[in-house]
Amino acid sequence: MLKVLLVDDAAFMRMRCAKLLTENGYSVDEAENGQEAVEKYQAIKPDLVLMDITMPVMDGLTAVTEIRKIDPDAKIVMCSALGQQNTVMSAIKAGAKDFIVKPYQPEKILSTIKRFVG
Amino acid sequence: MDMSRYLDTFLEEARENLQQMEQVLLSLEASPENKLLLDQIFRSTHTIKGMSATMSYNTMAEVTHEMENILHQLRKGELRLTTAFTDLLLKAVDLLNSMVIDIANGGKGELPVEHILSLLRDSASINQQVTAEEIMISPAARDQHCQLPISSINFNQFEKNLIMKAIDQGYQCYHLVVHINSSSTMKSARAFVIFKNLEQVGEVVKTIPSVQEIEEERFDNSFELIIISGESPEVIRECLLSIAEMEEPEINSISEVINLLPDSKSDEGDSNFCDLTETMEKPETIKTTEAIEVREAVLGTDAILEPTNTRTGFTQSIRVENSKLDSLMNLVGELVISKTRLDRIRRAHPVPELTDTFEQMSRVTADLQDIVMKIRMLPIETVFSRFPRMVRDLARDLDKDIDIVLTGEDTELDRTVIDEIGEPLLHLIRNAVDHGIENFQDRAARGKNKQGLISLTAKYEGNHVVIEVEDDGKGIDPEAIRRTAVKMGLFTAEQVAEMDAEALVNLVLEPGFTTAEAVSDISGRGVGLDVVRSKIEALSGSIQIQSVPESGTKFIIRLPLTLAIIQALLVSVENETYAIPLSFISETTSVLPHDITKVQDKEFMFLRGNLLPLKRLQNIFQVPYSSVAKEPEMNLVVVKKGSRYVGLVVDTLIGQQEIVIKPVSSLFGNIDVIAGATILGDGCVSLIIDVSGLL
């Protein structure tokens, strides 16, 4: 089963997303900030990371850099709010593979993940 | 076609253009938005490219071609000029310079260029990323972008060449139409991901609309790309479809049809190219007068005197062989001599018509002389222009931030002076950068501006040109000089205690002051400064230092406008006439025999309390004493060189006159008191005294 790490500080968002992904046959782990994401990445080695940008403790951009240090091939998709275009581009330059724009739309999330990990 | 006869023209033009490129690049660094400057450097690059291609210096043409490509993008605003860019372009200019030297030495300019070529090629994509990063989210007006069929895409010459070359090497060229899901937001960031992914499978050559427009989100949901890739269409498709919100792309190989596409006609760069090749194809017209090359326009005399500035701010010029100018100068000199001779005849035989004719001739001769002088003059810019680059590089090496300000670059000097003045100036400026201007910490500690300033100024002052090299560094400490002077035994402690600050500072110009201890003691100044001084004095100039400790040093160089015709004082000993250049004369006075003191066969006198060594011209030149008794009161010409004075005892002061310096034959060559000879109005030859040889 493909493992997805869901990183978002909003519990509600994680819940919704996790439900969607589990229903579609993915194994889901959650992290509520960048720091936790880095730790969990190391432990779980997920196939894909969905990474929020604005989070306490460690933001998404830093987390991308940190995770890439552990695994240069990490597949990270940024979850951006409208208006975070510059941050998204920095994240992509830092090694994120793609981005999706919030609010989460189930079909978009699913199609994006599919493009990456099938 | 045999090109060797155009080699000289090629070399000169190439050097000139390269120098201009370097200058413009540095100005561009200060004002990267200046479109005129960009145009200028583009033209220079283009000229070199055209010339080198015509002369079959292909490596050179290749480098300029790549530079031109970047410059073209800069001009169109697709790239932005950064320091890294300037560095790269400067490096390329350096390389081109080396090639020119190689060609001048009989080579073909075939230097290793792969490294710089790849850097130049890469920089286009680097800059694209930088600009993409800086995109602002603006509600930019969204142009309705119409889908263009491939046949209407305009490739410029460069793009076409690039594609052709890639195809030759086995790559494929694809035309892509990518569609982003219409519900998608942040489309420019999406485009950024697309570019980034495509970079992994190939090279994006062109986009429609332009990269800039895409970055500004000025496209609907689709845009077109031309890419060169070694991968199959399927791999490219997969690469694109792995990106979120992508629709099925259209991918067509255009490798077969690219050659049939028309060139872009609106491309300014290429139309320029045609003009240039045309000019280069007709070198016969350029070279009909052999050594004289007429560029841009044939100018009248007025234009030579007052160079008209073209739109681009560069002087139009006629190039003439040096030897021709020298003989013109010589002939005018002869004319001046004939004129003085005629003057004597006119005085002996006063005929009104002769006087009228003579006066008219005088005026014409004077004008002619003036023009010849001015033709021999070159703006000091030719010397100054290399310093900004030098200061920039040197400051970078030393981790200092130094700005150099040039003023009065259009001040003109005789070309013999121009040829010689570069080296001493270089020395002074290097000194200022290295030792004069402090490092960041020291400047900050003294409350000075972080950025050091060197100003290089040239201006006219009477018959002289004054060049000043001024820095706002730490200055020279007079106390340190006092210590060194005493330590070196040049002066006693009492002597230095009496000297004022200015006299002390100028001691660093003395030959004795160039030892290693002096360097560390007096802020590193003094290194070879006596060399600078002797060089300047060899040009009949003088140098002086003003320095304020903690706030800066100023070197003031005074040079005669020209070396060929000078003002001189004519003096006589018995029946012989000698000329002393006016620039060396400090004063004239008279002396009575009882004022003269003899010390070991050497004669001295006190002039206003200072001991002045005396020399009798009669003894120096061993003029036989005549039987005619002399007046007891003798005429004295006090000449100076640097801080040293000597009194020349002569019989008569004849007067001040303009003289034409003629070189003396090698028979007199090793007599170091003779600087040359001149022909006087009566046809007699008079020797010109070399004051530096006397001291």
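The values are calculated or read from the model by the stated rules, or taken from the named source; none is laboratory data. Just so it is clear, the model here is predicted, and its values are computed rather than measured. Virtual Cβ from ideal backbone geometry, glycine too; neighbours counted across all protein chains shown. Only protein heavy atoms, including side chains, enter the accessible area calculation; ligands, DNA and RNA are left aside. Shrake-Rupley method; radii C 1.70, N 1.55, O 1.52, S 1.80 Å.
Could you check, for the range B:236-253, whether at least one of its residues is out of contact with any Phe, Trp or Tyr (no Cβ under 6 Å at 6 or more places or on another chain), assigned to a loop (DSSP other than H, G, I, E, B) and among the β-branched types (Val, Ile, Thr)?
Yes, the range B:236-253 has at least one match.
In the range B:469-483, which residues are surrounded by 18 or more Cβ atoms within 10 Å (Cβ to Cβ) and either in contact with a Cys (Cβ under 6 Å, 6 or more places away or on another chain) or not hydrophobic (A, V, I, L, M, F, W, C) (or both)?
Correct list: B:Glu470, B:Asp471, B:Asp472, B:Gly473, B:Lys474, B:Gly475, B:Asp477, B:Pro478, B:Arg482.
Is there a residue in the range B:158-179 that is in a loop (DSSP other than H, G, I, E, B), open to solvent by less than 50 Å² (accessible area, probe 1.4 Å) and touching a strand residue (DSSP E or B) at 6+ places or on another chain (Cβ under 9 Å)?
no
Within the range B:248-256, is even one residue farther than 23 Å from A:Gln85 by Cβ, within 53 Å of the chain's Cα centre (by Cα) and acidic (Asp, Glu)?
yes
Which of (1) in contact with a Pro (Cβ under 6 Å, 6 or more places away or on another chain); (2) in a helix (DSSP H, G or I) does B:Gln495 not meet, given it meets every other one?
B:Gln495 satisfies all of (1) in contact with a Pro (Cβ under 6 Å, 6 or more places away or on another chain); (2) in a helix (DSSP H, G or I) except (1).
Looking at the range B:171-204, which of the residues that are within 14 Å of chain A (Cβ to nearest Cβ) and of a type in the set (Phe, Trp, Tyr) is nearest to A:Ile100 (Cα to Cα)?
By that ranking, first place goes to B:Phe192.
Just give me the residues in the range B:435-452 being crowded, with 18+ Cβ neighbours inside 10 Å, within 27 Å of the chain's Cα centre (by Cα) and not β-branched (Val, Ile, Thr), in sequence order.
Taking the range B:435-452 as the starting set, the residues that turn out to be crowded, with 18+ Cβ neighbours inside 10 Å are B:435-438, B:443, B:448, B:452.
From the residues that got through so far, the ones that are within 27 Å of the chain's Cα centre (by Cα) too are B:435-438, B:452.
Of everything in the range B:435-452, those that are crowded, with 18+ Cβ neighbours inside 10 Å, within 27 Å of the chain's Cα centre (by Cα) and not β-branched (Val, Ile, Thr) turn out to be B:His435, B:Gly436, B:Glu438, B:Gly452.
Just checking, does the range A:48-64 include any residue being open to solvent by 60 Å² or more (accessible area, probe 1.4 Å) and at the interface with another protein chain (Cβ under 9 Å from one of its Cβ atoms)?
no
Give just the number: which of (1) in contact with a Pro (Cβ under 7 Å, 6 or more places away or on another chain); (2) open to solvent by 60 Å² or more (accessible area, probe 1.4 Å) does A:Lys45 not satisfy?
The number of the failed condition is (1).
Residues to consider are A:Lys108, A:Lys114; find the one that is assigned to a helix (DSSP H, G or I), under 14 Å from A:Leu21 (Cα atoms) and at the interface with chain B (Cβ under 8 Å from one of its Cβ atoms).
A:Lys108
As an exercise: evaluate B:Gly683 against (1) in a strand (DSSP E or B); (2) within 16 Å of B:Leu570 (Cα to Cα) and give the number of the one condition it does not meet.
In the conditions (1) in a strand (DSSP E or B); (2) within 16 Å of B:Leu570 (Cα to Cα), B:Gly683 misses (1) alone.
Against the condition open to solvent by less than 10 Å² (accessible area, probe 1.4 Å), more than 21 Å from the chain's Cα centre (by Cα), at pLDDT 85 or above and in the same structural domain as B:Phe491 (by TED's automatic domain parsing), how does B:Gly422 come out, does it pass? Step through it out loud before you land on a result.
Working: open to solvent by less than 10 Å² (accessible area, probe 1.4 Å): yes; more than 21 Å from the chain's Cα centre (by Cα): no; at pLDDT 85 or above: yes; in the same structural domain as B:Phe491 (by TED's automatic domain parsing): yes.
Here the answer is no, as B:Gly422 does not meet what is asked.
Can you tell me which residue within the range A:75-100, out of those that are open to solvent by 10 Å² or more (accessible area, probe 1.4 Å), free of Cβ contacts under 8 Å to residues at least 24 places away in the same chain and in contact with a strand residue (DSSP E or B) (Cβ under 9 Å, 6 or more places away or on another chain), is farthest from the other protein chains (Cβ to nearest Cβ)?
It comes out as A:Lys97.
Tell me the residue from B:Glu438, B:Glu468, B:Glu420 that is in contact (Cβ under 8 Å) with a residue 12 or more places away in the chain and assigned to a loop (DSSP other than H, G, I, E, B), please.
The match here is B:Glu438.
Check B:Ala458, B:Ala444, B:Ala480 and return the single one that is assigned to a strand (DSSP E or B) and either modelled with pLDDT of 85 or more or touching a Ser or Thr at 6+ places or on another chain (Cβ under 8 Å) (or both).
So the residue among B:Ala458, B:Ala444, B:Ala480 that is assigned to a strand (DSSP E or B) and either modelled with pLDDT of 85 or more or touching a Ser or Thr at 6+ places or on another chain (Cβ under 8 Å) (or both) is B:Ala458.
Taking the stated definitions as given, is A:Ala37 part of a helix (DSSP H, G or I), at pLDDT 90 or above, surrounded by fewer than 19 Cβ atoms within 10 Å (Cβ to Cβ) and of a type in the set (Gly, Ala, Ser)?
Answer is no for this residue.
Do any strands (runs of 3 or more DSSP E) entirely within the range B:548-656 hold 2 or more residues that are within 23 Å of B:Ala538 (Cβ to Cβ) and in contact (Cβ under 8 Å) with a residue 12 or more places away in the chain, and if so, which?
Working: elements: B:552-560, B:565-573, B:576-581, B:585-591, B:597-599, B:602-607, B:610-616, B:634-641, B:644-650.
Per the criteria, B:552-560, B:565-573, B:576-581, B:585-591, B:610-616, B:634-641, B:644-650.
Of all residues in the range A:47-64, how many are farther than 22 Å from A:Val117 by Cβ and not in a loop (DSSP other than H, G, I, E, B)? Don't jump to the end; show me each part of the working.
If we filter the range A:47-64 for residues that are farther than 22 Å from A:Val117 by Cβ, which is where we start, we get A:54-59, A:61-62.
Cutting the leftovers down to not in a loop (DSSP other than H, G, I, E, B) gives us A:61-62.
Total satisfying the criteria: 2.
Residue under question is B:Arg75, and the condition is that it be among the basic types (Lys, Arg) and over 16 Å from B:Arg389 (Cβ atoms); does it hold?
yes
Tell me the residue from B:Tyr645, B:Tyr625 that is crowded, with 17+ Cβ neighbours inside 10 Å and hydroxyl-bearing (Ser, Thr, Tyr), please.
Numbers: B:Tyr625 fails: crowded, with 17+ Cβ neighbours inside 10 Å.
Result of the check over B:Tyr645, B:Tyr625: B:Tyr645.
Determine if the range B:90-107 includes at least one residue that is in a helix (DSSP H, G or I), in contact (Cβ under 8 Å) with a residue 12 or more places away in the chain and within 30 Å of B:Gln200 (Cβ to Cβ).
To start, the set of residues in the range B:90-107 that are in a helix (DSSP H, G or I) comprises B:90-104.
Imposing the further condition that a residue be in contact (Cβ under 8 Å) with a residue 12 or more places away in the chain reduces the set to B:90-93, B:95-100, B:103-104.
This time we only want the ones that are within 30 Å of B:Gln200 (Cβ to Cβ), so: B:91-92.
Yes - at least one qualifying residue is present in the range B:90-107.
Looking at B:Arg389, B:Arg344, can you tell me which residue is in the same structural domain as B:His435 (by TED's automatic domain parsing) and either at pLDDT 80 or above or not polar (S, T, N, Q) (or both)?
B:Arg389
Just the residues that are outside any helix (DSSP H, G or I) and either surrounded by 13 or more Cβ atoms within 10 Å (Cβ to Cβ) or in the same structural domain as B:Val466 (by TED's automatic domain parsing) (or both), please, taken from the range B:347-383.
B:Met377, B:Leu378, B:Pro379, B:Ile380, listed by residue number.
What pairs can you find where one residue is in the range B:15-36 and not assigned by TED's automatic domain parsing to the domain that holds B:Leu406, the other is of a type in the set (Gly, Ala, Ser) and assigned to a helix (DSSP H, G or I), and their Cβ atoms are less than 7 Å apart, with a gap of 6+ or different chains?
Going by the 7 Å Cβ cut-off, the qualifying pairs are B:Asn17/B:Ser44; B:Gln20/B:Ser44; B:Met21/B:Ser44.
Is at least one residue of the range A:56-65 closer than 27 Å to B:Ile214 by Cβ, of a type in the set (S, T, N, Q) and at pLDDT 85 or above?
yes
If a residue must be closer than 16 Å to B:Gln172 by Cβ and either open to solvent by less than 20 Å² (accessible area, probe 1.4 Å) or part of a helix (DSSP H, G or I) (or both), how many such residues does the range B:203-225 contain? Even if it seems obvious, please write down each step before you answer.
Initially, the range B:203-225 is screened for residues closer than 16 Å to B:Gln172 by Cβ, giving B:203-206, B:225.
Pick out the ones that are also either open to solvent by less than 20 Å² (accessible area, probe 1.4 Å) or part of a helix (DSSP H, G or I) (or both) and you get B:225.
Looking only at that region, the number is 1.
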